[in-house]
1. Yes or no: residue 107 touching a residue at least 24 places away in the same chain (Cβ under 8 Å), surrounded by fewer than 18 Cβ atoms within 10 Å (Cβ to Cβ) and within 26 Å of residue 19 (Cβ to Cβ)?
2. Would you check if there is a residue in the range 74-82 being more than 15 Å from the chain's Cα centre (by Cα), more than 20 Å from residue 159 (Cα to Cα) and part of a loop (DSSP other than H, G, I, E, B)?
3. Test residue 113 against the criterion of being over 20 Å from residue 158 (Cβ atoms), in a loop (DSSP other than H, G, I, E, B) and touching a residue at least 60 places away in the same chain (Cβ under 8 Å), and give yes or no.
4. Do you know which residues across the range 131-170 are of a type in the set (S, T, N, Q), assigned to a helix (DSSP H, G or I) and farther than 22 Å from residue 45 by Cβ?
5. Would you check which residues across the range 126-170 are on the phi > 0 side of the Ramachandran plot and open to solvent by 40 Å² or more (accessible area, probe 1.4 Å) and list them?
6. Quick one: which of 48, 61 is surrounded by 19 or more Cβ atoms within 10 Å (Cβ to Cβ) and not in a loop (DSSP other than H, G, I, E, B)?
Amino acid sequence: QALVATADAYLAQAREEGYLIPFKALDYQWGSNSAILNRSLILGHAYDFTGERKYLQGIADAMDYLLGRNPLDQSYVTGYGARPAKNPHHRFWAHQNDPNSPMPPPGVLVGGPNSVSFSDPVAVRLKGKCTGQTCWIDDIGAWSLNEIAVNWNAPLLWATSLLDEGGLAR
């Protein structure tokens, strides 16, 4: 019951947000895309417990945000969307720094908007010039905005798989 109540609160937050994400914040912290996906996990469990498709729709709306329905018209997943992220902060997928290095493979989630910490040389250029969801740059040197992490990508895989199984990813 508590999990379903939490999921319902997330859906209520999404209805108040312009981009229908289950996340209400004025400031976006480091790895904000992860927070959105972690809330999608709660929505997914509520769907499993109740069978109510509104929870799947909440995950689909969050995925739409991650894939480009956001103020920057930017997909935060490499290789997906009209304007996918191309330059995640990564030592191996470092094509932006070295043309001999590989591009990132499709399906890698980057951290996303961060309006709280401008702690790298690229992000510092945004300080005082952006708010909330608009604080992001696709640059390999922007580790506070464009970092990748396994604990951010795991819920992306989980949510995508659930949407596929639930019939909303088709």
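The values are calculated or read from the model by the stated rules, or taken from the named source; none is laboratory data. The structure displayed is predicted, hence computed values, not measured ones. Heads up, the Cβs are rebuilt from the backbone with ideal geometry, glycines too, and the neighbour counts pull from every protein chain shown. With ligands, DNA and RNA removed, areas are computed over all heavy atoms of the protein, side chains included. Shrake-Rupley method; radii C 1.70, N 1.55, O 1.52, S 1.80 Å.
1. Criteria met by residue 107.
2. Yes, there is a match, as at least one residue in the range 74-82 is more than 15 Å from the chain's Cα centre (by Cα), more than 20 Å from residue 159 (Cα to Cα) and part of a loop (DSSP other than H, G, I, E, B).
3. Yes, satisfied.
4. 133, 134, 144, 146
5. Hit for the range 126-170 is 128, nothing else.
6. Just one listed residue meets the conditions, 61.
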